[in-house]
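> Got a structure here, written out as structure tokens. Questions coming.
The values are calculated or read from the model by the stated rules, or taken from the named source; none is laboratory data. Bear in mind the structure is a predicted one, so any value in this text is a computation, not a measurement. All Cβ positions, glycine included, derive from the backbone under ideal geometry; neighbour counts span all protein chains shown. The accessibility values were calculated without ligands, DNA or RNA, using every heavy atom of the protein model including side chains. Shrake-Rupley method; radii C 1.70, N 1.55, O 1.52, S 1.80 Å.
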Amino acid sequence: RHIPDIARHLEDHGARASARDGAMLVEFDFSRGVMRPDGGRLLLRAEAADPSLLHEVKMELTEHVVEFTGIPTDAIVWQGDAGDEARPPNFRLMEVVAGDRITPHMQRVRLKGENLLRFSSKRHLHCKLLIPPVGVAPDWPFLDSAGAFRWPSGPGRPAVRKYTIRAIDMERGTIDIDVNVFVPHTDAPGTLTL
């Protein structure tokens, strides 16, 4: 019963949804997901051209199924693509290399990192920053033995914030985001991840 609601919500985020053969197909630019009811279960399938995009479509499906159904994240078990990587394929460390006040309440932060192609399309200008806790070694998300995304539960768990990328320089490997100065953020060069 939640499948149409999830599909409509994903359409609001740029997906194209269509019903086919008793399943809901949700297509993104370089990946797609399939949601199919199976008795009292919901079967999910994710397809993409590379591991990073596959991980992203799996996360989209997982997050929205959890949001709309209320089931715990660990109730969703992915099979068939577990790799040797301990970190999620879309995890990248970024360094804060500059910051400029653009209004009295807004700071533009420039981050530098690798593998930014995913952000080069106007349809993919949203990111999540994982902001490590102050004074505690960060515990980053990881993939379990089944290839499922897991958050750490200890004091090193980072805070998660969603942002829109304001500028990207593929040649220099930088992205700019605007942050509200009333929300605690790193204001000196350091390490962030998205």
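> Just read off the accessible area of K162 with the full protein assembly in place, 1.4 Å probe, to the nearest 10 Å².
Estimated to the nearest 10 Å², K162 gives 150 Å².
> Another question, if that's okay. Could you order S153, S18, S120 so the one with the most accessible surface comes first? Probe is 1.4 Å.
S153, S120, S18
> Name the long-range amide H neighbours of M94: under 5 Å, sequence gap of 5 or more, or other chain; modelled H, no Pro or chain starts.
Amide H neighbours of M94, under 5 Å, 5+ apart: L192, T193, L194.
> Would you mind counting up the charge near V160? Only other residues with Cβ under 12 Å from its Cβ, with Lys and Arg at +1 and Asp and Glu at -1.
Cβ neighbours under 12 Å give a net charge of +3.
> Let me test this: with uniform point scatterers at the alpha carbons of the range 1-76, what is the Debye-based log₁₀ I(q)/I(0) at q = 0.11, 0.27 1/Å?
-0.24, -1.46
> Leaving out ligands and nucleic acids, and using a 1.4 Å probe, what accessible area per residue does the chain come to in Å²?
On a per-residue basis, 60 Å².
> Using helices alone, what [θ] at 222 nm do you get for the chain, with -39,500 (n - 2.57) per DSSP H run of 4 or more residues, divided over all residues and rounded to the nearest 500?
Dividing the helical sum by the residues of the chain leaves -5000 deg cm²/dmol.
> Once neighbouring chains are kept in place and the probe is 1.4 Å, which whole percent of the accessible area of the chain is contributed by carbon and sulfur?
51 percent
> Let me ask something additional. With Cβ to Cβ distances under 10 Å as the rule, what net charge do the other residues near L129 carry (K, R +1; D, E -1)?
+3
> Given a Förster distance of 25 angstrom, what is the FRET efficiency for D12 paired with V136, based on the Cβ-Cβ distance and rounded to 0.05?
0.10
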